[in-house]
Amino acid sequence: MSYTKEIISSERTGDKYSLIHHSSGLDVLVWKMDGFTTTEALFGTKYGSVNNRFKTVDTGDFITVPDGIAHYLEHKLFENEDCDVFELYAKTGASANAFTSFCETAYTFSCSENYEESLEILLNFVQKPYFTDENVEKERGIIAQEIKMSNDSPDRACFFNLLKAMYHNHPVKIDIAGTVESIQEITPELLYKCYYTFYNLHNMVLCIAGNVEEEKVIELCDKCLIPAEDKQLEVTFPDEPPEIVTRRVTAKYTVGTPLFSAGFKCPPFKGDEMVKMEVCAGILLQMLFGSMTPWYKQLFEEGLINSTFSFEVFNAEEGFFCCICSGESKDPDLVFERCLQRIDSAKSGELDRRLFEIIQKSRYGSMIRGFNNVENCAETMFENHLQGTDAFTASDILAKLRFEDVCEAFGALFDTSKAALSIIYNNVE
């Protein structure tokens with residue numbers, strides 16, 4: 001087979017990797033890291049729990065599939081007609097895993113030797129689905145049990161209740177595994193339909209980093225990859241109003257201290273703009289609520305928050321973006337109120353330029369150190385490639401970011417009229 005190659009590099013750090021456009025339809029990213037003994041590989045697809053409505057040249061119009069089918073498919077792909085895939089990896093000594101997220105599914109392995117044999121296993125089993133009425137039915141009970149166990153998690157309930165409080169129609173508010181009811185609708189025929197739609201090599205990527213030789217990877221791709229026809233996949237999402245659904249939602253579980261998640265719903269972004277806004281949001285969260293701020297220290301001293309307090313930017317090109325603060329508190333409503341007050345005071349006054357500079361340097365240093373971690377490099381290539389950027393986009397944006405850029409993004413990212421609060425109380429109270 002043939003291929004073309006690009007070199008993706010960072011002028012600032014000198015790091016680089018190869019982007020190989022293989023004639024089979026697959027993009028292959030190889031980051032050779034001299035001096036490392038381990039290898040990390042991900043073979044995945046731009047297919048997650050939110051992708052339940054799509055069309056291709058084969059389907060004609062858009063079709064809708066049951067919630068949880070991407071996760072179900074990931075489970076089933078490890079079981080082929082001959083044996084369990086983990087038995088094959090056991091012979092090479094590799095550690096294998098897989099995950100399904102809101103927007104992606106990936107199959108991974110890490111090893112310190114025999115990466116060629118492990119890579120061949122990975123490429124082969126992901127391309128060979130095997131679904132029958134019997135094995136699909138057997139998995140239904142396993143996944144239903146997994147869903148019920150997840151439903152017992154107060155942290156998970158707090159998070160998804162927050163998403164339901166913020167999002168009217170977007171499927172991000174639905175648990176990745178679906179529901180016990182929705183998985184009853186999954187059949188071998190539907191699994192094959194989703195597989196041949198989303199596991200098309202034109203919708204996939206192979207990322208491998210560490211102790212690896214590019215020529216060997218291409219040789220194995222030539223040997224194992226089955227050329228695919230581009231099915232012109234299109235996905236669609238329901239219209240999502242900018243407003244939140246409700247300001248406050250509560251539930252009861254067995255918890256020692258009430259849990260909370262406070263979210264700020266933002267407009268969705270794409271490409272480099274999304275990365276820039278994600279970087280700005282992360283810095284702003286730290287400037288507003290980070291452990292270096294007087295706000296954090298005061299709430300900590302008052303006993304309103306503790307060491308569980310954290311924040312994150314939750315976003316993807318698939319139409320969702322929000323900033324979330326979470327933790328435990330004896331009075332979640334008061335913490336939420338103080339969060340809103342902090343935002344209003346920052347908007348009416350000025351953000352601290354010196355604090356911005358400290359956080360910017362710290363975050364940039366962390367990103368650069370990440371390029372010395374094999375697992376991080378493989379995952380960063382994977383995540384960014386599927387979102388239409390590259391592994392160095394975020395660090396390049398962060399290095400060039402100005403204090404004025406963060407101030408300009410503040411209003412769009414922290415609109416207090418679009419803030420929601422999810423609380424989990426103790427069910428014995």
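The values are calculated or read from the model by the stated rules, or taken from the named source; none is laboratory data. Being a predicted model, the structure only gives us computed values, none of them experimental. Every residue, glycine among them, receives a Cβ derived from its backbone with ideal geometry; neighbour counts consider all protein chains shown.
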Fill in: Condition met for Cys322 (touching a strand residue (DSSP E or B) at 6+ places or on another chain (Cβ under 6 Å), surrounded by 19 or more Cβ atoms within 10 Å (Cβ to Cβ), outside any helix (DSSP H, G or I) and of a type outside the set (Phe, Trp, Tyr))
yes
Fill in: Whichever residue in region 31-49 is surrounded by 24 or more Cβ atoms within 10 Å (Cβ to Cβ) and of a type in the set (A, V, I, L, M) and, among such residues, is nearest to the chain's Cα centre (by Cα)
Leu42
Discussion item. What are the pairs with Cβ atoms under 9 angstrom where one residue, in region 267-283, is assigned by TED's automatic domain parsing to the domain that holds Phe392 and the other, located anywhere, is outside any helix (DSSP H, G or I) and among the small types (Gly, Ala, Ser)? Sequence gap at least six, or different chains.
Written reply: Pro268/Ala316; Pro268/Gly319; Lys270/Gly388; Gly271/Gly388; Asp272/Gly388; Met274/Ala316; Met274/Gly388
Worksheet entry | Extreme residue, surrounded by the most Cβ atoms within 10 Å (Cβ to Cβ), among residues of region 188-213 that are touching a helix residue (DSSP H, G or I) at 6+ places or on another chain (Cβ under 7 Å) and under 11 Å from Val65 (Cβ atoms) | Cys194
Worksheet item: Taking the stated definitions as given, is Glu429 at pLDDT below 95 and among the acidic types (Asp, Glu)?
Response: yes
Worksheet, complete the sentence: Taking region 346-372 and keeping residues touching a helix residue (DSSP H, G or I) at 6+ places or on another chain (Cβ under 9 Å) and of a type in the set (S, T, N, Q) leaves Gln360, Ser362
Discussion item. Could you go through region 130-145 and let me know if any residue there is surrounded by 17 or more Cβ atoms within 10 Å (Cβ to Cβ) and either farther than 23 Å from Ser49 by Cα or out of contact with any Phe, Trp or Tyr (no Cβ under 9 Å at 6 or more places or on another chain) (or both).
Written reply: yes
Discussion item. Exactly one of these conditions fails for Val428: (1) in contact (Cβ under 8 Å) with a residue 40 or more places away in the chain; (2) surrounded by fewer than 20 Cβ atoms within 10 Å (Cβ to Cβ); (3) in a helix (DSSP H, G or I). Give me its number.
Written reply: (3)
Item to complete: Mind listing whichever residues of region 159-181 are within 20 Å of Glu243 (Cα to Cα), of a type in the set (A, V, I, L, M, F, W, C) and out of contact with any Lys or Arg (no Cβ under 8 Å at 6 or more places or on another chain)?
Response: Phe159, Leu162, Val172, Ile174
Discussion item. Out of the residues in region 409-425 meeting the condition of being at pLDDT 95 or above and in a helix (DSSP H, G or I), tell me which one is surrounded by the most Cβ atoms within 10 Å (Cβ to Cβ).
Written reply: Leu413
Practice prompt. Considering every residue within region 81-96, establish whether at least one is over 30 Å from Gln387 (Cα atoms), touching a Ser or Thr at 6+ places or on another chain (Cβ under 7 Å) and in the same structural domain as Ile176 (by TED's automatic domain parsing).
Written response: yes
Worksheet item: Hey, among the residues in region 100-147 that are assigned to a strand (DSSP E or B) and touching a His at 6+ places or on another chain (Cβ under 9 Å), which one's nearest to Lys32 (Cα to Cα)?
Response: Thr105
Worksheet entry | From Glu337, Glu383, residue being out of contact with any His (no Cβ under 9 Å at 6 or more places or on another chain), without any contact (Cβ under 8 Å) to a residue 60 or more places away in the chain and either acidic (Asp, Glu) or not assigned by TED's automatic domain parsing to the domain that holds Glu302 (or both) | Glu337
Worksheet item: Do the conditions hold for Leu73, that is, is it touching a residue at least 40 places away in the same chain (Cβ under 8 Å), among the aliphatic types (A, V, I, L, M) and under 22 Å from Thr187 (Cα atoms)?
Response: yes
